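*Asks:* Can you read through this structure? Questions will come right after.
The values are calculated or read from the model by the stated rules, or taken from the named source; none is laboratory data. Note that this is a predicted model, so its numbers are computed, not measured. Glycine also receives a Cβ, built like all others from the backbone with ideal geometry; neighbour counts cover every protein chain displayed. Note: areas computed on protein heavy atoms with side chains; ligands, DNA, RNA excluded. Shrake-Rupley method; radii C 1.70, N 1.55, O 1.52, S 1.80 Å.
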Amino acid sequence: MPVRYSSFEKRDTRKWAKENKAMSYQAEQQALKKNIDAVCFNIKGFNARKVYASVVLSQYYSAKAIQLFRKFQAFNAFWTNRTETAYNTVFGALIDTQTEVGFLIAHKVEYGVYLELANDRKHESLVPIIIDLDAEFQKDLREIWGDAA
């Protein structure tokens, strides 16, 4: 014989179905929020890896600039070395701030400015190296950042 449900039991079933639907909606919302949080975390990590790659690239180009300078100046390409002090004290550095990443090379000696700017920049050495490396550096940055660089 079929089981008959009383109206009280039907009311309980409807109430259960309504609460089950609400619980399912809340579970879906929590799962969606969890997925959105995971995507945001991955995006932040992706950008952080790009920044780290840019920092490493800048360090590489700083070392490459110093290497080029030493290679050419070993044969007195830019000026005649007298004491080797200017040659030995050229250094490279990393520029790493909240908004910028890059590299530089500079003289430590006081007369480094004279070497670069005197006689209408006749003996200029550092700027030509930076200009020479700039196009390659920009190309490598575009590979890291895509069209954003």
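*Asks:* Under the Karplus relation 6.51 cos²θ - 1.76 cosθ + 1.60, θ = phi - 60°, what is the ordered set of whole-Hz ³J(HN,Hα) values for the range 97-113, x standing for Gly and Pro?
*Replies:* Going residue by residue, I get 10, 4, 10, 9, 9, x, 9, 8, 10, 7, 8, 8, 7, 5, 7, x, 5 Hz, with x marking Gly and Pro.
*Asks:* Top mean-square fluctuation among GLU116, GLU28, GLU136, Gaussian network model of the chain, C-alpha springs under 10 Å?
*Replies:* It is GLU28.
*Asks:* Calculated from the structure, Rg/Rh (Cα atoms, Kirkwood Rh) equals which of (1) 1.54; (2) 1.57; (3) 0.95?
*Replies:* (2)
*Asks:* Out of residues 5 or more away from VAL90 or on other chains, whose amide H comes under 5 Å of its own, with H placed 1.01 Å from N in the peptide plane?
*Replies:* So VAL90 has HN proximity to LYS108.
*Asks:* Could I ask something else about it? Sum up the charges of everything whose Cβ sits under 15 Å from the Cβ of GLU136, counting Lys and Arg as +1 and Asp and Glu as -1, but leave GLU136 out.
*Replies:* Charge balance near GLU136 sits at -1.
*Asks:* Work out the charge dipole of the chain with +1 on the Cβ of Lys and Arg and -1 on the Cβ of Asp and Glu about the Cα centre, then indicate which of TRP16, SER62, GLY112 is farthest towards its positive end.
*Replies:* Towards the positive end, the residue furthest out is TRP16.
*Asks:* Over the chain, what percent of the accessible surface lies on carbon and sulfur atoms, probe 1.4 Å?
*Replies:* 58 percent
*Asks:* Where in the range 43-110 are there trypsin sites (Lys or Arg not before Pro) that are in a DSSP coil and have at most 11 other Cβ atoms within 10 angstrom of their Cβ?
*Replies:* Filter output for the range 43-110: ARG82, LYS108.
*Asks:* Name the residues of the range 64-100 whose amide N is less than 18 Å from a point 7 angstrom out from the Cα of TYR114 along the C-beta direction?
*Replies:* 78-90, by backbone N distance to the label point.
*Asks:* Separation between the GLN98 and LYS34 pseudo-spin-labels, each 7 Å from Cα along Cα→Cβ, expressed in nm?
*Replies:* Distance between the two pseudo-spin positions: 3.5 nm.
*Asks:* Based on the Cβ-Cβ distance of ALA17 and ALA48, what FRET efficiency does E = 1/(1 + (r/R0)^6) give at R0 = 41 Å, to the nearest 0.05?
*Replies:* 0.30
*Asks:* Tell me the relative contact order for the chain as a rounded percent, counting alpha carbon contacts under 8 Å between residues six or more apart.
*Replies:* So the answer I get is 21 percent.
*Asks:* Summing +1 for each Lys or Arg and -1 for each Asp or Glu, what net charge is found among the other residues whose Cβ lies under 13 Å from the Cβ of LYS21?
*Replies:* +1
*Asks:* Counting Lys +1, Arg +1, Asp -1, Glu -1, what net charge surrounds ILE43 among other residues with beta carbon under 14 Å of its beta carbon?
*Replies:* +2
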